[in-house]
Structures are given as structure tokens and as C-alpha cells.
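Have a look at the structure below before the remarks.
The values are calculated or read from the model by the stated rules, or taken from the named source; none is laboratory data. If you're wondering where the values come from, they're calculated on a predicted model, not measured in any experiment. No Cβ is skipped: glycine too gets one built from the backbone with ideal geometry, and neighbour counts run over all protein chains shown. Each accessible area value is taken on the protein alone, full model and side chains, heavy atoms only, with ligands, DNA and RNA left out. Shrake-Rupley method; radii C 1.70, N 1.55, O 1.52, S 1.80 Å.
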Amino acid sequence: MTCGNDLAPGALACQQCHALVHSEELTVLSTRAQSQETEEDFVAARETWTKALALLPYESTQAEWIRTHLYRLQLAEKAAPPPEQKHKWAKWLGPLAPVAIFLAKAKWLFALLKMKFLFSFFLYFWIYLKLWGWKFGLGFAALIFVHEMGHFMDIKRRGLPAELPMFVPFFGAYVKWNAIGVSARTRAAVSLAGPLAGGLASLACLVVWWKTGQSLWAGLAWIGALMNMLNLFPVWILDGAGATNALDKTDRWMLLGACVLLAISLHVWALLLVAGGVGFRLATKDFPPVPSRGTLAYFVGVLVLLSGILHFVPMNFPTNQS
Ligand SMILES: [Zn+2]
């Protein structure tokens, strides 16, 4: 080291003069990554930047710059036109290929079928975990906890018995409570309290990102809002199902309309998934005898909050650090 200080094995920077141990390798890597970006090979560029990231101390400004840059690259990749190989998979289907290609051409239908949002959720969760490590994992667990506490507090507030949230690895968490003799409207409000609390927590992450410019908080705001949005899919045991049970035919039509309008105006396509689920719940005809405009307004309000966050995060990701 230039200052003559002995380095601890595995150290990435000198404790005294802050010189980087791998500075030559870093220069090579960043030059390579930049030329890959010029060639618009974003996947390779991201790999190269990730390699460079491993050679930098976590807290260094260079590391933070690369993390932000990786996030931007990923957005650029998302915005880039899809590669021409999209029908490649069809050849594996043999005689069914024409049918599959026809389905692929009916674009809106295909978009719903492949449920891109779900895949992107797991994919980006993995990418973010690699980018920010335990800080992201901890933040994500905290977001799940706040969602569950939203349910828990709402049940307690009504004087109903509830157990503290249970955490199930990979499936999130749930609150056990006794819903016997409770009206559909109350159950709907309890269901929506989780996504509302989760949405507010995501909004708080968005504000922290705004104030500090640290990319970690933008990632948390994004994944928190998307996780709560997916929870509002109105089937199975998801929160959206509990809320939709209180909605009659007219309510459900209005909810479907609100989802589509919000999706188009804010370009948040995960809402179309929710809209598809509401369409399914119109077909199942399990309508309650009375409408609940209050539940409808609550449901739409939570959707506005979550889609507002999803709309805001990627579009305004820091450009000042590029
Ligand atoms: Zn929930």
C-alpha cells in the first residue's frame, strides 16, 4: 500500500489512506462495462459492474454509485424493445405452436397470462438482495411486518380476538383471528388494513429516498408497493379476496373500471392483473345481498396509494448520479 500500512487479509481498502486494494482491476472492469453499455449489451454490462462492486468496500461512494447505476441499467433494460427471439419457445410446442403464437399475438391476453409482475417481483427481489444485501432483506421483512400489524391493529381496535402475526418463510405472514359472526364489511376492512399499512410504509421509504438519494430506499418503496398490490389480487386467501367478498355486482364493475383507468393513466400494469381477478369475481357471481360503497372507496384508495408509488419510483430514479 502507498502509505506503508499492513492490510488485513481480504481487506478491500486501506484503513489509513483509504486507497483501494483492487484499483487497477477496477479501472479495467469499469472501462469494459462502459464499452458494453455503448454497445447496448446491458446484461453483460450489469455483470461487469457487479464484479466491480464485489471489489469495493460496501460503504464507499464508488460502491453506492455502482448500486445506483445498476438500478438504472435495469430500468434501461426494461424500457428497451424486447429482443426478436420471442417466438423461439414456440418450436418446443410442436403442433400446438400456431395456437401459442396466436395467443402471443393477442398481446393483452398474453400479458395477463405470463403474469410478468409476479416474475419481476421474484426476479428483482433476488437482484436487490444481491445489490444491497442484508439491509434490503431486513427492510423487506420490516415491510411485511408493518403489513401484518395493519391487520392486527385493526382487529384489536374493534375489540376482536387476534393472535400476533405468524411468519411463514417465502409466503410472508398472516394474522390468525376469529372471523365468526363478523360482517363481510368488517372482514373487508380488516383485509384492506394490511395493504394500507404496507402502502404507507412504502411511502415512507419513498420519502427517505427523496431526502437522502440512497437507492436502497427506492428499491424498498418499489418492492413494498408491488407486494401489497399483488396481495390485492381478489382470489384465494389474498387480502383482495376478503375485500371483494363485501362488494356486490355494481361495486365490482366499478372496481374493475377504476383498476383499468388507473393502470392506463399511471402506466402501472400490475393493476391489470388485479382487474383480471375482479373480472373473475364478477363471473363467479358470489355477490353479497347488499352493496358496500365504503369498502369500494377504501379498496380504490389503497390502489391509488400503491400505484402512485409504483408510478413514481422508476420514472424518477436519481439522474443526478449518472
Ligand atoms: Zn395481508
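Below is a table of values for the structure above.
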read-out: Number of positions in segment 123-157 that are among the aromatic types (Phe, Trp, Tyr) and within 16 Å of the ligand (Cβ to nearest atom); value: 3
read-out: Selection count, segment 150-170, where residues are open to solvent by 40 Å² or more (accessible area, probe 1.4 Å), of a type outside the set (Phe, Trp, Tyr) and either under 15 Å from the mean Cα position of the chain (by Cα) or at pLDDT 85 or above (or both); value: 2
read-out: Condition met for Leu255 (crowded, with 17+ Cβ neighbours inside 10 Å, assigned to a helix (DSSP H, G or I), away from the ligand (no atom under 14 Å from the Cβ) and of a type outside the set (Val, Ile, Thr)); value: yes
read-out: Residue match in segment 270-285 (condition: in a loop (DSSP other than H, G, I, E, B), touching a helix residue (DSSP H, G or I) at 6+ places or on another chain (Cβ under 9 Å) and charged (D, E, K, R)); value: yes
read-out: Of all residues making up segment 18-39, the number that are assigned to a loop (DSSP other than H, G, I, E, B) and loosely packed, with under 12 Cβ neighbours inside 10 Å; value: 2
